[in-house]
């Protein structure tokens with residue numbers, strides 16, 4: 001499994017609109033791309049959010065990055081041209097412990 005994580009800090013004036021956009025538009029549209037098996041949307045504080053996009057293989061993530069990111073980033077920027085800071089990271093699963 002490969003995870004693509006995007007952490008976003010949003011200014012106070014845009015937090016509610018950001019959360020609504022992510023839940024109702026952005027994440028459902030990305031899930032429809034067929035590149036990910038699961039997407040997890042989390043909130044650490046009123047202004048800090050993380051989205052974890054889980055792909056079965058590196059090839060699935062590469063397909064998303066090569067074929068879809070330009071469209072989704074353009075749409076995101078159109079909705080939030082300012083007031084957000086974004087960090088993107090790719091994580092590769094090494095091991096899982098379960099209790």
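Within the stretch 45-66, the set of residues being over 22 Å from residue 94 (Cα atoms) and either touching a strand residue (DSSP E or B) at 6+ places or on another chain (Cβ under 7 Å) or in contact (Cβ under 8 Å) with a residue 24 or more places away in the chain (or both) comprises 46, 47, 48, 49.
Of 78, 44, 59, which residue is within 18 Å of residue 11 (Cα to Cα), in a helix (DSSP H, G or I), over 14 Å from the mean Cα position of the chain (by Cα) and modelled with pLDDT of 95 or more?
78
Residue 35 satisfies every condition listed in (1) over 14 Å from residue 86 (Cβ atoms); (2) in contact with a strand residue (DSSP E or B) (Cβ under 8 Å, 6 or more places away or on another chain); (3) not in a loop (DSSP other than H, G, I, E, B) except (3). In this structure, residue 72 does not satisfy being under 20 Å from residue 89 (Cα atoms), in contact with a helix residue (DSSP H, G or I) (Cβ under 7 Å, 6 or more places away or on another chain) and not in a helix (DSSP H, G or I).
The rows are residues; the columns are (1) surrounded by fewer than 11 Cβ atoms within 10 Å (Cβ to Cβ); (2) farther than 21 Å from residue 58 by Cβ.
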| position | (1), (2) |
| --- | --- |
| 1 | no, no |
| 15 | no, yes |
| 23 | no, yes |
| 39 | no, no |
| 44 | yes, yes |
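Can you spot a residue in the stretch 7-30 that is part of a loop (DSSP other than H, G, I, E, B) and within 14 Å of the chain's Cα centre (by Cα)? No, because not a single residue in the stretch 7-30 is part of a loop (DSSP other than H, G, I, E, B) and within 14 Å of the chain's Cα centre (by Cα).
The values are calculated or read from the model by the stated rules, or taken from the named source; none is laboratory data. Remember, it's a predicted structure, so these values are computed and weren't measured experimentally. Methodologically, a virtual Cβ is constructed for each residue, glycine included, from the backbone with ideal geometry; neighbour enumeration extends over all protein chains shown.
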